[in-house]
Amino acid sequence: MSVGFSISYLSSNCHLWLLLVFALFHLCFSDQKSPDSLCMEGERQALIQFKHGLIDEADRLASWAGEKSDCCKWDGIVCNNITGHVHEIHLPGLDGHCDDIYDEISYKEMKEFDKQRLGGHLSPSLLELKQLKYLDLSCNDFKWIPIPGFIGSLGTLRSLDISDEGWTVEKQSPKSIGLSEVVGVVNRAVKA
C-alpha cells in the first residue's frame, strides 16, 4: 500500500514540477508582457518624442502610434517581459545590410533604398528609458551629426551600434560623451 501511495504521490508531484517549469519558461522567454498589459506610460511618451526627432520617409515607425497602444508591441522595441520596461531598440536601416546593398544597383533603386534609412536627430527623451540596454541605429543616415553627449548618460546601455550611418566625432572622443563605459560600441563609419 505504501509503495502505491509513493508512486502516485511522485507522479502527481512530477506533474506539478513540470507545470511550474513550463510556466516559468513561458514567462521568462516570451518577448512581451502579458497581452493585456501596456508598456510604461513615461517610456511610451519618450519613444514618441524620439520618433518625432527622426526623419522616416518609409514610415518604418508607423506602428509607433496611438495614445493607448502598447509600445512593447511596436516594431523595433523589445521590453522586459515582467516589468514592461524598454530594454532594446532595434532600428537598423536597410535591414542591417549596410555595405552590400548598393552593389550593382541603379540610381533610382539607390534612392528607394535611401528612403529606408532613418535620419534626423536623437532626442534626449531616450534618457527616460531607464533600463535601455541595447540601441541599434546602424545603417541609417544621420548626415554626419555629432554623437549626442547625452548618449553617455544612458546608464544601463551595454550595446550601441551606430555603424555605417554617418556620425562625426569632431571635437568629441568616445570618453568625452561617456561611451568608454559602454560595452559593444560598434562604429565603423566615423568621420574625423
Please compute the volume of the convex hull spanned by the alpha-carbon atoms of region 41-161 and report it per residue in Å³. 104 Å³
If I model a spin label at Lys130 and Ser159 as a point 7 Å from the Cα along the Cα→Cβ vector, what separation in nanometres do I get? 2.4 nm
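Nearest 0.05, what FRET efficiency do Ile105 and Glu57 give at R0 = 25 Å with Cβ-Cβ as r? Walk me through the intermediate numbers first.
Working: r = 18 Å, r/R0 = 0.70.
FRET efficiency, Ile105 to Glu57: 0.90.
Read-outs throughout are calculated quantities, based only on the coordinates presented, and are distinct from any laboratory measurement. Note that the structure is a prediction, hence the values are computed from the model and not measured. Ideal geometry is used to build each Cβ from the backbone, glycine not excepted, and the neighbour counts take in all protein chains shown.
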